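No lab work stands behind these numbers, since they all come straight from the coordinates. Since the structure is predicted, the reported quantities are computational estimates derived from the model, not experimental observations. We place every Cβ from the backbone using ideal geometry, glycine too, and count neighbours over all the protein chains shown.
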């Protein structure tokens with residue numbers, strides 16, 4: 001019983017070995033890798049994806065013992081293609097990162113400019129409130145029904161106003 005089981009294992013291994021070394025297995029693997037490379041060229045992936053595919057292709061190449069010269073040449077070209085795709089992915093990622101950083105920097109500059117403007121405006125407003133800004137006081141001449149009146153004109157209050165009244169005749 002045990003001997004039959006071992007013979008079955010060896011038979012299965014021999015069948016898989018035969019499939020793996022078959023010329024058509026090489027054609028299918030090569031075609032699959034060519035299609036994968038074409039798709040990755042069409043849509044550049046994030047960095048690391050094509051490096052993983054490159055590693056898998058390298059493993060496949062090393063495990064194909066009966067590859068023909070043409071097949072080996074195609075595998076080398078595929079490895080170079082996946083390397084080029086990885087470099088393009090890194091370049092694309094850097095470009096996108098740079099653009100994102102520039103966008104954020106511009107947003108921050110606009111935000112800081114707005115804050116600076118608000119602070120300037122608030123400082124000017126506080127200064128004018130403290131000093132009276134362009135507000136001024138005036139005296140109105142006495143009328144028969146009222147005495148001298150003091151008026152104030154402007155948006156900001158006027159502080160520490162002194163009015164001296166004297167008779168020029170004396």
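Some points to look at:
- The alpha-carbon atoms of the chain define a convex hull whose volume equals 264 cubic angstrom per residue.
- Highest to lowest packing among 32-38, 109-115, 130-136, scored as the average C-beta count within 10 Å: 32-38, 130-136, 109-115
- Compared with the alpha-carbon gap, the fully stretched path from residue 135 to residue 42 is longer by 26.5 nm at 0.36 nm per residue.
- Additional length obtainable on full extension of the chain from residue 166 to residue 22, 0.36 nm per residue less Cα span: 39.6 nm
- On Cα atoms only, tilt of 49-63 relative to the major axis of the chain in degrees: 10
- Folded to 0 to 90 degrees: helix 2-21 orientation relative to the chain principal axis, Cα: 70
- Contact order normalised by residue count of the chain, Cα under 8 Å, 6+ apart, percent: 16
- Each of 165, 49 has some number of other Cβ atoms within 10 Å of its Cβ, and from fewest to most they run 165, 49.
- Efficiency of FRET between residue 59 and residue 95 - r from beta-carbon atoms, R0 35 angstrom, step 0.05: 0.70
- With R₀ set to 41 Å, the beta-carbon distance separating residue 83 from residue 123 gives a calculated FRET efficiency near 0.10.
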